[in-house]
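Asker: This is the structure, below, for whatever I ask next.
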Amino acid sequence: MGPIGILWLRQLKRYVRSRSRMLGSLGQPLLFLLAMGFGFGPTFRKAGGGDYIQFLAPGIVAMGMLFIGIFSGIEILWDRQFGFLKETLVAPVSRLRIVLGRTLGGATVALIQGALVLGMCLLTGFRVESALRLPAAVGFMALISFAFTALGTAFGSVLEDMQGFPVIMNFLVMPLFFFSGALFPLDGLPKALRLATELNPLTYGVDGLRGSLTHGSAFGLGTDFAVLGLVTIVLLWIGSWLFSRIQL
């Protein structure tokens, strides 16, 4: 097994062994799904929006992957603190392979997280409208996982303060989620808010998931895939470049 495969497997082992992390990471999506899905459901229905669970669930799936993907970057700080990162960087392997292995492992964990959250959504009443579009949904889930794991890697490569990482990430994660159209329709928004959502890469992931699972895309699946794919490539390049500049 090559270095990419070893790092990928290591990330998966960390996730499986940390049962508290697995359960805790499912708690927030479940809370949003139950509290908002059933709390705002009657109001959403009276406003003519239909079943709010059907609208909300794709955004909650994206949220689960967003949080896991970005916070995977903190593992770089852990490895730096306990010396494992130094051992990895002095190995006769290119840093590009190292970061690809880490990103692939983190993205796989985020994808598993997304599948678990989707399962919870199905248990609460969410229904996939077309099984034929499930491969497209999996594709969008993979792109979301890769994009935001790469973003977490980028921040983990430049930050050195273990305590500061969660603060900065929360300051970044919550706006990404709230301005992604996960909680509200994009039609009829004020211009400033509409611009904020259109500049948010997660918006295209949520819209792509919604279009794949419920036929409710605002931009079109082609646009969503193209924009999110481009963002993923750019973030992977940035994350790789920043990781390659880490000083021992």
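The values are calculated or read from the model by the stated rules, or taken from the named source; none is laboratory data. Since this is a predicted model, take the numbers as computed values, not measurements. Positions of Cβ are generated from backbone atoms using ideal geometry, with glycine treated the same way; all protein chains shown enter the neighbour counts.
Asker: Anything in the stretch 165-194 that is of a type in the set (Phe, Trp, Tyr), surrounded by 12 or more Cβ atoms within 10 Å (Cβ to Cβ) and modelled with pLDDT under 90? List them, or say none. Steps first, please.
Answerer: So the first thing to find is which residues in the stretch 165-194 are of a type in the set (Phe, Trp, Tyr), and the list is 165, 171, 177-179, 184.
With the extra rule that they be surrounded by 12 or more Cβ atoms within 10 Å (Cβ to Cβ), the set shrinks to 165, 177-179, 184.
Across the stretch 165-194, the qualifying residues are PHE165, PHE184.
Asker: Going by the structure shown, is ALA218 of a type in the set (Gly, Ala, Ser) and either touching a residue at least 40 places away in the same chain (Cβ under 8 Å) or in contact with a Leu (Cβ under 6 Å, 6 or more places away or on another chain) (or both)? Break it down into steps so the answer makes sense when it comes.
Answerer: Values: of a type in the set (Gly, Ala, Ser): yes; either touching a residue at least 40 places away in the same chain (Cβ under 8 Å) or in contact with a Leu (Cβ under 6 Å, 6 or more places away or on another chain) (or both): yes.
Answer is yes for this residue.
Asker: For LEU77, only one of the following conditions fails: (1) buried (at least 23 other Cβ atoms within 10 Å of the Cβ); (2) more than 19 Å from GLY216 (Cα to Cα); (3) over 13 Å from the mean Cα position of the chain (by Cα); (4) of a type outside the set (Phe, Trp, Tyr). What is its number?
Answerer: Unmet for LEU77, out of (1) buried (at least 23 other Cβ atoms within 10 Å of the Cβ); (2) more than 19 Å from GLY216 (Cα to Cα); (3) over 13 Å from the mean Cα position of the chain (by Cα); (4) of a type outside the set (Phe, Trp, Tyr): (1).
Asker: Could I ask something else about it? So which pairs qualify, if the first residue must be in the stretch 227-248 and touching a residue at least 24 places away in the same chain (Cβ under 8 Å) and buried (at least 21 other Cβ atoms within 10 Å of the Cβ), the second must be among the aromatic types (Phe, Trp, Tyr) and part of a helix (DSSP H, G or I), the Cβ gap must be under 6 Å, and the two must be at least 6 apart or on different chains?
Answerer: LEU228/TYR204; THR232/PHE146
Asker: Take the residues in the stretch 198-216 that are closer than 19 Å to PHE67 by Cβ and of a type in the set (Val, Ile, Thr); name whichever of them is surrounded by the fewest Cβ atoms within 10 Å (Cβ to Cβ).
Answerer: Per the stated criteria, the residue is THR203.
Asker: Follow-up question, since we're still on this one. Do we have PHE44 as surrounded by fewer than 22 Cβ atoms within 10 Å (Cβ to Cβ), within 18 Å of ASP187 (Cα to Cα) and among the hydrophobic types (A, V, I, L, M, F, W, C) here?
Answerer: Values: surrounded by fewer than 22 Cβ atoms within 10 Å (Cβ to Cβ): yes; within 18 Å of ASP187 (Cα to Cα): yes; among the hydrophobic types (A, V, I, L, M, F, W, C): yes.
Yes, satisfied.
Asker: Before we move on, is LYS13 assigned to a helix (DSSP H, G or I), at pLDDT below 70, surrounded by fewer than 16 Cβ atoms within 10 Å (Cβ to Cβ) and of a type in the set (D, E, K, R)?
Answerer: yes
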